[in-house]
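Encoded as structure tokens, the structure appears first; notes follow it.
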Amino acid sequence: MPSRGGGHLFDGYWQSLKPREVEEPIDVWVHRPIAYLLAKALYPTTVSPNAVTLMSIVLGLTALGCMMSGFAHHMPVAGLCIFLSAVFDCADGQLARMRKTSSALGRMLDGVADLVVTIAVVGGGAVVVLRAHFGVWWEFALCALAIAVTGVTGSFHTASYDHYKNLFLRMTHPRYQEGEDLQSALARHSAPRTKDSLWLRMAWRIYLFYLPSQMNYIRRFDPYTTCSWNQLPSYSPETAVIYAKHNERTMRQWRTWFGFGSLVFGVAIATATNLLGFYLVLRGLLLNLWYFGYMMPKQRAASREAFRELGINA
């Protein structure tokens, strides 16, 4: 979408986004406008997108610290930190795209940041809720069970969105090669390079744990898709039309309800308003009904028909 007039503060905003077919609405209308202003301010500086990613992690861990603390208004402050973490998470990619410096390393660090922040804020939220029900054993047990279900299935949601987003981009957009499969990541990890910093070594460990876990889950969830990008055909308008025909509808659902942005925004609001228990239970019940009852069978059917028509044996 073109910019909205010369000299406007948000000139270039739409060009800083990924294709709208995969962008989460909560990011497009809430997180990314603020992130764009941050990226625009950082553009002429020497601050790197990776430094912005690191700041997202710091804010997520700060939110966890606030949740565990007891100072006045600690929960609204924690909610604000979670929200700002999501803004910085958006800003790193926007800054990289504005500078045309997007890289596999940057995308890897961004994914690792998402995972660390999710564990921090969902784990912190779980502790807050369990503390509130510590006195009655059956309430505590029920809350612990509900939180465990919500936490585990929440990882399924975001891993699924991440996979189908990357696959959709590779199949339908010639310029976007988001994400990488396990084989590519291992090859990149074993390639000669200068000595990694401590935080980069930690990021690699997390990333090489996450990718096989995601791949194994997706293969069980959808045997018709592929987790190996070398099985995909080269981009062509014809293959793009075929894949989009079968997957556009499910992609709208993935990006609207199951991404990192919607998860973190909900946790931020629930934290700031002290409604974490309600949010975790609501997400665990309603979103899982939608995910297991509709999205799983619908996506399997979409993958099966798309790859059958493309002649790909995944």
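The values are calculated or read from the model by the stated rules, or taken from the named source; none is laboratory data. Keep in mind that this is a model prediction, so the values were computed, not measured. Methodologically, a virtual Cβ is constructed for each residue, glycine included, from the backbone with ideal geometry; neighbour enumeration extends over all protein chains shown.
A Cβ distance below 6 Å, combined with a sequence gap of six or more or placement on separate chains, defines the contacts here; from segment 6-29, residues that are closer than 22 Å to residue 43 by Cβ reach residues that are among the acidic types (Asp, Glu) in the pairs 17/23. Filtered by the rule that a residue be in contact with a Pro (Cβ under 8 Å, 6 or more places away or on another chain) and either closer than 18 Å to residue 164 by Cα or outside any helix (DSSP H, G or I) (or both), segment 10-38 gives 10, 13. Residues of segment 77-94 include none that is surrounded by fewer than 17 Cβ atoms within 10 Å (Cβ to Cβ), modelled with pLDDT of 95 or more and part of a helix (DSSP H, G or I).
Every residue, every condition in (1) closer than 24 Å to residue 282 by Cα; (2) surrounded by fewer than 17 Cβ atoms within 10 Å (Cβ to Cβ); (3) among the charged types (D, E, K, R), yes or no:
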residue: 144; (1), (2), (3): yes, yes, no
residue: 149; (1), (2), (3): yes, yes, no
residue: 162; (1), (2), (3): yes, no, yes
residue: 170; (1), (2), (3): no, no, yes
residue: 187; (1), (2), (3): no, yes, no
residue: 190; (1), (2), (3): no, yes, no
residue: 203; (1), (2), (3): no, no, no
residue: 207; (1), (2), (3): no, no, no
residue: 214; (1), (2), (3): no, no, no
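Residues in segment 100-127 that are out of contact with any helix residue (DSSP H, G or I) (no Cβ under 6 Å at 6 or more places or on another chain), polar (S, T, N, Q) and in a loop (DSSP other than H, G, I, E, B): 101, 103. Taking segment 276-293 as the range and being at pLDDT 95 or above and over 21 Å from the mean Cα position of the chain (by Cα) as the test, only 293 passes. Give the residue that is surrounded by the most Cβ atoms within 10 Å (Cβ to Cβ), with candidates limited to residues of segment 263-314 that are of a type in the set (Gly, Ala, Ser) and farther than 18 Å from residue 249 by Cα. The selected residue is 270.
Inspect all residues belonging to segment 105-122 and state whether any of them is small (Gly, Ala, Ser), surrounded by fewer than 18 Cβ atoms within 10 Å (Cβ to Cβ) and in contact with a Gly (Cβ under 9 Å, 6 or more places away or on another chain). Scanning segment 105-122 turns up no residue that is small (Gly, Ala, Ser), surrounded by fewer than 18 Cβ atoms within 10 Å (Cβ to Cβ) and in contact with a Gly (Cβ under 9 Å, 6 or more places away or on another chain). Scanning segment 119-140 for residues that are closer than 30 Å to residue 206 by Cβ and either touching a Pro at 6+ places or on another chain (Cβ under 9 Å) or free of Cβ contacts under 8 Å to residues at least 60 places away in the same chain (or both) gives 119, 123, 130, 131. For segment 216-234, the tally of residues that are over 14 Å from residue 307 (Cα atoms) and either of a type outside the set (S, T, N, Q) or crowded, with 16+ Cβ neighbours inside 10 Å (or both) stands at 5.
For residue 281, the conditions (1) of a type in the set (Val, Ile, Thr); (2) farther than 30 Å from residue 133 by Cα; (3) touching a helix residue (DSSP H, G or I) at 6+ places or on another chain (Cβ under 7 Å) are fulfilled apart from (2).
List pairs: first residue in segment 291-314 and farther than 16 Å from residue 240 by Cα and touching a residue at least 24 places away in the same chain (Cβ under 8 Å), second residue of a type in the set (Asp, Glu) and part of a loop (DSSP other than H, G, I, E, B) anywhere in the structure, Cβ distance under 8 angstrom, at least six positions apart or on different chains. Note: pairs meeting the criteria are 296/222; 299/222; 300/222.
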